[in-house]
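Working notes, beginning with the structure itself.
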Amino acid sequence: MSKVPSVAFAHFGLHVRDLERMERFYTSFLGFIVTDRGNLGAVRLVFLSRDPREHHQIVLVSGRAENLDHSVLNQISLRVPDLAALRYFHANAATHGGHDIQPVTHGNAISVYVRDPEGNRIELYIDTPWYVTQPLRAPIDLAKPDAALWQEVETLARSRPGFRPVEEWRREMESRLARSLSNQAPTNS
């Protein structure tokens, strides 16, 4: 049996040149709905999902260079089972060639960001039981005991707009998706 904790693919971020055009493509053609949008400094983000269990499956991120000299992927995100797994990846990333290692919380998740040897960003994360309006990114200390870390994340989440239990947000998403899909159903002509 492997000592490496399991991971599961969850979502990806895509650098784009024309945010509005790309949003239209993913919503109109593929049926995603916008779950949040906002800015982190000069960077504009649009979060998209078709699954009420996932805040976003795709995040469109402004800033794709015209003369593309970097990856169009903003990040590859992998869900891990628990804080112990996050701590494992945080502690072992550098020995495998990882760099720029950053533990953070988004209120709705606790994450470790790491660049792979070629500079691509990987996010390893666990969900929290809360929803907060995105984007949010705040540094955390994974060396804290579990109870203290969870308390810190909850206190931050409660201070943010849109705070509520994630199950409440998921029920709202189910309703929004059902309405959206019923409006897109083909008509018999």
May I ask you to list the residues in region 37-53 that are of a type in the set (A, V, I, L, M, F, W, C) and buried (at least 17 other Cβ atoms within 10 Å of the Cβ)? LEU45, VAL46, PHE47, LEU48
Mind checking which residues of region 33-45 are in contact with a Ser or Thr (Cβ under 9 Å, 6 or more places away or on another chain) and free of Cβ contacts under 8 Å to residues at least 40 places away in the same chain? VAL34, ALA42, VAL43, ARG44
Residue list for region 36-56, filter: under 20 Å from ASP18 (Cβ atoms) and of a type outside the set (Gly, Ala, Ser): ASP36, ARG37, ASN39, LEU40, VAL43, ARG44, LEU45, VAL46, PHE47, LEU48, HIS56
Pairing a residue in region 87-115 that is in a strand (DSSP E or B) with any residue that is among the aromatic types (Phe, Trp, Tyr), where Cβ atoms lie under 6 Å and the two sit 6 or more apart in sequence or on different chains, gives GLN102/TYR113; ALA109/TYR125; SER111/TYR125; VAL112/PHE89
Report yes if some residue within region 144-154 is over 19 Å from the mean Cα position of the chain (by Cα), of a type in the set (A, V, I, L, M, F, W, C), surrounded by 15 or more Cβ atoms within 10 Å (Cβ to Cβ) and more than 21 Å from GLY41 (Cβ to Cβ); otherwise report no. yes
Out of (1) within 25 Å of ILE76 (Cβ to Cβ); (2) among the hydrophobic types (A, V, I, L, M, F, W, C); (3) without any contact (Cβ under 8 Å) to a residue 40 or more places away in the chain, the one TRP169 does not meet is (3)
Within region 63-83, tally of residues that are modelled with pLDDT of 95 or more and in contact with a helix residue (DSSP H, G or I) (Cβ under 9 Å, 6 or more places away or on another chain): 1
Among the residues of region 3-19, how many are surrounded by 15 or more Cβ atoms within 10 Å (Cβ to Cβ) and outside any strand (DSSP E or B)? 3
Mind counting the residues in region 20-45 that are assigned to a strand (DSSP E or B) and farther than 13 Å from SER180 by Cβ? 8
Check whether at least one residue in region 127-135 is part of a strand (DSSP E or B) and either surrounded by 18 or more Cβ atoms within 10 Å (Cβ to Cβ) or among the aromatic types (Phe, Trp, Tyr) (or both), and report yes or no. yes
Could you identify the single residue in ALA84, ALA157, ALA178 that is under 20 Å from the mean Cα position of the chain (by Cα), small (Gly, Ala, Ser), assigned to a helix (DSSP H, G or I) and under 20 Å from ARG53 (Cα atoms)? ALA157
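The values are calculated or read from the model by the stated rules, or taken from the named source; none is laboratory data. This one's a predicted model, so the numbers in the text were calculated from it and none came from an experiment. Neighbour counts run over all protein chains shown; Cβ positions are idealised from the backbone, glycine included.
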